[in-house]
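Please treat every number below as a calculation from the coordinates, not as lab data. Owing to the predicted nature of the structure, the values given are computational and were not obtained by experimental measurement. Counting neighbours? That spans all protein chains shown, and the Cβs are built from the backbone with ideal geometry, glycine included.
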Amino acid sequence: MRIGPDGDPAPSRDLVGGKAANLARLAALNLPVPPAFVLPTTLCAALNAGEAQAEEQLRRGLEKGLAYLERAAGLTFGDRRRPLLVSVRSGAAVSMPGMLETVLNVGCTKAALRGLLRWRGNPRLAWDCRRRFLEGYAETVLSLDPQLLERNLAHWLTAETAAGEHDLDGEALERLCGAYEESLAAADRAAPEDAFTQLLASAKAVFGSWNSERAIAYRRLQGLEHLPGTAVTVQAMVFGNADAESGAGVAFSRNPSTGAPEPVVDVLFEAQGEDVVSGRRSPEPESALALRAPAVAAQIRAVLAQVEAAFGDVQDIEFTIESGRLYVLQTRSAKRTPRAALRIALDLQAEGVIDAAEALDRIDRLKTEDLVATRFSGQAKAVARGEPAAPGVASGRLALDSPAAVRGAAAGDPMVLLRRDASTADVEGFNAAVGVLTAIGGRTAHAALVARQMNKPCVVSCAPLQIDMTARTVRLGGVEVREGDWLSVDGETGEVFLGRRDILRQAPEAELEQAARLRPAGAHVHAEAAVP
Amino acid sequence: MPVKDAVLEYLGERALSAPQSVSAGLAANDRAKVRMAALQLAGGGGDPASRNLDQEAAAARLDPEALRRLLRQARAMDGQVLLAPGLGDLLKALGEDLEVMLQSVEALDGAEDPGLTARWSELKAGLIPTGPDQIAAATVSRITALPKAGGDSIHRLVMDLHKRLNHAAAAQASETIAGAKAIGLRPEDRAPLLAFMRGLERTRPLKFDHPGLDTTAARSGERLLIQNDIGTTDAHVVVTAVEPGSVTITYTDVHRARARFLIRLLGMDGLVWSGLEERQAPGLAGGDSFYLVTGRLVSDDIAQRDDVLERLGAGLVFLIDWNKARKALAGLSDKPGAERVLLWAARHGAGHRAWLQLGGVDLIAQAVRQVAPGRLGFGARLDQVLGHEGTVEFLQACLQLAADVLRQGGSERLVRDRIGAELLRRIERAEAAVFLGVIRQAGLAREIGAAILARIEALRRAGADDDAGWAARAKRIEAKADRLAIEGRAAARAAGLVDLLPIIDGAEQAVDELEQAAFIASILPSDVGEAVLAGLSRLCRLAMSAAEALVTAADASIDCPEGRQVDADDALAALTAVVDCEQAADRLEREVFAAGLTADRPAGALIAALETARGLERSTDWIARAGDAIRRNLMTDLGG
C-alpha cells in the first residue's frame, strides 16, 4: 500500500497500523511527507506463524513497494550514483511507542555510500549514515550486543577528543565505520552488501519484534493482547544529519503534561529521528529552533494546528529538517497525563473542535484517582534538578533497574526508578515504580511518553547524576545515595530531594465542574473526587 | 649391525640380487652424502659448537657420537690443513661407500663401466689423508665441490653413481604403482607410496612441457625409499625414507634459497628441519658448497605420515626451473619479492612453469607495452608504477593467469591480453586511492566551511556563541587534512601518478585558507554589520558548495575510465560547478568589500571581516585549481 500523492488517503488502521494510516492522512492534507509504502499487519501474523506463503509475499511486497519509492523519490535503491535509503519502521493498530523495532538508513551498502558521496558531495553525511546503519542493523537485525560496536565508538571519541558522535568529523567517522566492520568480521558477522537483502532482513526483524519480551509485556499491561501484529512502513530517508540546517525532533500541539494550549517542541540539530525519541541525547527547545530556522519553526506551528484540527485531537508529530526543509514523518494522538486529558477535552470542546458528547466520552474514560494532582507539603532544598517530563510528585525507595523496582513494589514499598537513560526496555520497572528519574534524555523521548501515560511523575535530563551499578549507589549533586534509600521527585519543577516527603493531593475541582456542566440535565454526575 | 660390517658383507658377495644391490648402493649413497657434508662443515668457518649433523647421521645409520666429536673438534691449521679426530676413518669409509656404489652399479648392469672405474681411480687419491686425521684444506673443497663445466669431483661421482643406480634399478623387473617404478615393495609400502604419488599427480600438470618428476620406490632393509628426480637439468634429488614411526626427507641442493623454499612450502607441521643452518661459504679455494637438508617426522599417526608424503609429492613440481624463474622475477621486482611470488604461486597451485613457458619476462614486457604508452612512461619500472607490494601482487596474478590459460589450452596472446588488463586494473586502483584521499580532504574543507558558517550565523542572531571550542576543532581538522595530503602525495608518487599531485595540493591549500578564515572568524566581533555578515554567510555556502562539487568530481573520476557516460557527465558537471563557485565567490568578495567600506563600523572589525572573506574566496580558487587538474586527467582518460 502506497503513501504519497497518489496513495490511498484513508487505509484501514487495523490493516496498515496507526503510523501508516496517519501518514496517509498527512499526505492527503498535502503536508510534506516522504514517500512510503506499508506491509500489512496480517503479514506479520503470517510470518511469525511460519506460514508457507508468507516469505514470498514479503518479498513481492518489498519489490513492488521499492519500485514505487524509486519512482517517487527519483532515486535507486543500492545505487552507485543516486542511492535511495529507507527507514523500516513498525506500526501496530494501536501505538506502542518504543516497544517495537526500527532500522534506519537501510540500503546503505558500500556502493550506496559511494553514491552518497557522488550525489551530495558530503563525506560526513555519507559516513554518518553508514555508521548509523551499521549500529542499527547490528543491534536490531543481527541481535548483537551493542557493546560490540560501542567500544569502538568510545575509543574513537577519546582519540579525537570528541564529546559525542556529532563531534566526529567525516574522516574519523570513516575510520570508525572501518572499525565497526572489523568488529563484525571478528564476530563472524557482517551487514549484507546487497541492499535488498538488508531490506528483507530489516523487515523481518521489525515483524519479529512483535514477539519481543518488552512488546509482549507492554501489550499485557495496556490490555492490547487482541492485536494481530504490527505493520511495517518503509519510507524514503530524509537526512536530518546532513548539515547545521538539518535536524530531527518531536512536537506536541499542546502540552501533554498539563494540557495547556501551547505547543511543545524538542529538536536536535544534525541528528536523525532516533536520536530524539531514544532518549540518548538531550534535545533543545523551540526557542533554539526559532533562532536558527525561524521559517521552519513557524511552519511547525502551522502544521501542528493543521493536524490537530484534522484529527480532532492533540497530536504528537515526528519531523525531520533537511537543509532547511521540513518533512513530517509521523503523527499520532499524543500520549498525555490524565489531567492533561481532562483539560484538553474541555478546551477542544470549547473551541468547537469536538462536540460535548465526544468530550464527555473522553473524560469518562479517565479514572478519578488519576485526576488527582499531587504536590509535596512543606519546603525542602533540592539536591539536584532536571527537566520535568511528566507531572506529579513521588516519594519512594531508590531502585536502579527494573527488577529492583518490581521486587520492591512486590514487597509493598513505593519505588522510584532511577536510570541513566530511560530505555523502553524498562517498561516493567515503570509500571512498578511510583516515579521515574533519568540522567539524560528529553521530555519527548519514548520513555517520557510512557511514564506520562502511566501517570508516573518523571524527571529527565538530570545531569548531576552518577550511577555506579556495581556498588548500587548513585552520586546525586555531591551526595551518595544507596539503592533502597528514600528519594523524592517533583515532575512539575524537575527537582529531586533526598529522603521521604509528604504528599498532598488535590482534585481538579474547576475542570470537573466544567465537565459536569456539559452533561445533559438529569444525567449521572461525576462523583466528587475522593481524596484518599 | 655395525655399519662397517654391513658394508663388508655386501662387498664380499659378488652375486647380488638386484634389490639387494639397489638397497646396498642407496644406503652407501646416504652415508656418503652425510660424510661429505661433515667434511664441508668441518672445513668451514663458524662456531664449532654449533655444528650438528645428528639428524642426518641417524637417518644414514651412522654413529652420531663419532661424527659430533669430529665436527666439534675440527681445526683448520694455518688455513692449510684440516685436523679432526676420526678424519682418517671418515675418509676411508667414504672411499668404501664409493666402492659399494660402484659394485652395485656393476652388479645391476651386469658389467663393469670403464668410464666410471677410470674416474674413481683418478679421484681415489684425493681421499688419502696427508697425516693422521689430517687433510689439506683445499682437498676438502675438491672432494665436496660440484664443479660446473668440465671438472670432476668425488661428490659429482657420487651423484652420477646414484643416478646410474636409479636408472639400473628402474630397468630391473619392477612393477608400476600409480606411475612410480616400484622394486621389491612389501604390502605395507603401498599406502605411503600412493600418498606420495597422489600429491605428485595432483600438481604434475603444472610442469607443462618440461620433462622430469619420475619416481622410483624401493625397499631397503627396514625402510621404504621413495626417490624423485625432480627436473633433469639440475643434479638434485629428493629421497624420502619411510619406516615405522618416522619419515625422513633428504634433499640436496646447491641453491640455499631453493632449499629454503621447499622447507617453507612443506611447512613445519610435525616436520623438523635441519641442514639450512648458517653454513658459511668456506673460505677455502673454489667449489660451490652444497646443502644437505633433512626433514624428519616422528609420529605413529599414519594419517599424518601420509599427509606429509602427499604434500611433498605435490610440492616437487615447483622446484623445476625454480632458480630460472627467480632470476627472471627478480629482474621485475627484487630477490625477496621474487621468492614471495614463487611461494605464493606454489601455494595457490599455479607455479611458475606456465609463465616461463609462455615467455616469462618477455610476456610481461609485451603486455606492458600494450597497455602503455598513456599509462606507463617509457622505461618506467613496474615497481615505480605499482609500488613494491603492488608489483609482487601483480606478478602473482600473472603467474596465476599463465597457469590458468595454459591449462585450458589458451594462447600466449590470451595471457598477454589478460595480463595487460590486470595491470590496467591495478594502475586504476592506485588512481582511485588517490582520489579517495582527495575526497577526504575536500570533505574536511567542507566541514571547516560549515563551522565558519555556524559562527557567522550565531553572530547574525546576536546569540551567544554556544560552541567555544570550534576554532580549535577547525585547527585539528586542518592538521588532519595536512596529514592526508602528505600521505596522498607519497602514494601518488609511489604509483607514478604525478599528474594527480596538483589535485592534492589544491585541496590542501583550500583547507589551509579555510582554517585561516576560521581563526579570524573566531575573533570577529559581531558589530560588523548585517550586510557584511550576510555576505560572509553566502561566501561560506559557496566555499562549501565548491568543496562538495570537488567531492563529486573526484568520485566520478574514479569510475570514468571503465564507467558509463553518466560518470563523465557527473564529473564534468561538477567541475563546471566548481568554476561557477569560484567566479561567484570572486564577485561576492568584492560585494563584501564594498559593503564593508560603506558601513560605518570600527576598522578592526572590518579588517577581520574582509580577511575572512578573502580566505573564503581563496579557498574556492584553490578548489578550482584542483578541479582543473581533475579535468586534465579526465580528458586524458577519455581521449587517450
Could you grab the Rg to Rh ratio for the stretch B:501-552? Cα atoms only, Kirkwood for Rh.
1.06
How many angstrom lie between the C-alpha centres of the stretch A:120-167 and the stretch A:313-346?
29 Å
Under a point spin-label approximation (7 Å from Cα along Cα-to-Cβ), what is the B:Glu222-B:Ser274 distance to one decimal in nm?
1.8 nm
With x for Gly and Pro, the residue-by-residue ³J(HN,Hα) of the stretch B:144-161, computed from phi through the Karplus equation 6.51 cos²θ - 1.76 cosθ + 1.60 at θ = phi - 60° and given in whole Hz, is 8, 5, 10, x, 6, 9, x, x, 9, 7, 4, 4, 5, 4, 4, 5, 5, 4
Is there a quick way to get the dipole size of the stretch A:254-322? I mean about its Cα centre, with the Cβ of Lys and Arg at +1 and of Asp and Glu at -1; what is the value in debye to the nearest 20?
160 debye
Distance in Å, no decimals, from the C-alpha centre of the stretch A:37-96 to the one of the stretch A:348-371 is 38 Å
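If the only charges are +1 at each Lys and Arg Cβ and -1 at each Asp and Glu Cβ, what is the size of the charge dipole of the protein assembly as shown around the Cα centre, to the nearest 20 debye?
Numbers: 135 positive and 157 negative charges, 179 e Å.
The calculation lands at about 860 debye.
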I'd like the distance between the alpha-carbon centres of the stretch B:477-529 and the stretch B:136-168, rounded to an integer number of Å.
69 Å
The whole-number value in µm²/s of the Stokes-Einstein translational diffusion coefficient for the stretch A:373-501, with Rh from the Kirkwood sum over alpha carbon pairs at 20 °C and 1.002 mPa s, is 156 µm²/s
Provide B:Thr144, B:Thr576, A:Thr230 in ascending order of the number of other Cβ atoms located within 10 Å of each residue's Cβ, fewest first.
B:Thr576, B:Thr144, A:Thr230
Of the candidates B:Thr240, A:Ala72, B:Val566, the farthest towards the positive dipole end of the protein assembly as shown (Lys/Arg Cβ +1, Asp/Glu Cβ -1, centred on the Cα centre) is B:Thr240
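Over all pairs of distinct alpha carbons, what does the Kirkwood formula give as the hydrodynamic radius of chain A, in Å?
So the Kirkwood estimate lands at 24.1 Å.
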Over all directions, the average projected area of the alpha-carbon convex hull for the protein assembly as shown comes to how many nm²?
63.4 nm²
Principal axis box of chain B, alpha-carbon based, largest edge first, Å:
124, 56, 47
What angle, in degrees between 0 and 90 and rounded to the nearest 10, separates the Cα long axis of helix B:190-203 from the longest principal axis of the Cα atoms of chain B?
40 degrees
Measuring from its Cα centre, chain B shows a charge dipole (+1 at each Lys and Arg Cβ, -1 at each Asp and Glu Cβ) which, in debye to the nearest 20, is 1120 debye
Cα long-axis angle, helix B:470-494 against chain B (0 to 90 degrees, to the nearest 10)
40 degrees
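Please list the equivalent ellipsoid semi-axes of the stretch A:239-336, computed as the square roots of five times the alpha-carbon gyration tensor eigenvalues, in descending order and whole angstrom.
Details: eigenvalues 85, 38, 29 Å².
Largest first, the stretch A:239-336 gives 21, 14, 12 Å.
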Report the one residue of B:Pro129, B:Gly184, B:Phe208 whose Cα lies farthest in the direction of the positive end of the charge dipole of the stretch B:122-219 (charges on C-beta: Lys and Arg +1, Asp and Glu -1; origin at the Cα centre).
B:Phe208
Likely footprinting exposure, B:His155, A:His446, A:His226, B:His167, fewest C-beta neighbours within 10 Å first:
A:His226, B:His167, A:His446, B:His155
Measure nothing fancy, just the Cα-based angle from helix B:382-407's long axis to the longest principal axis of chain B, in degrees from 0 to 90, nearest 10.
50 degrees
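Among rounded, prolate and oblate, which fits the stretch B:51-149 when a ≥ b ≥ c are the square roots of the eigenvalues of its C-alpha gyration tensor, a/c under 1.5 means rounded, and a/b larger than b/c means prolate?
Values: a/c = 2.30, a/b = 1.46, b/c = 1.58.
It comes out oblate by the Cα gyration axes.
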Of B:Ala495, B:Leu26, B:Leu459, which is farthest towards the positive pole of chain B's charge dipole, taken about the Cα centre with +1 and -1 on the beta-carbons of Lys, Arg and Asp, Glu respectively?
B:Leu26
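Which value, to two decimals, describes the C-alpha radius of gyration of the stretch B:3-319 once divided by 2.2 N^0.38 Å?
On the way: Rg = 18.9 Å, N = 317, 2.2 N^0.38 = 19.6 Å.
Taking the Cα Rg and dividing by 2.2 N^0.38 Å, one obtains 0.96.
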GluC sites (Glu not before Pro) in the stretch A:161-230 lying in a DSSP loop, each with at most 12 other Cβ atoms within 10 Å of its Cβ, come to A:Glu193, A:Glu225
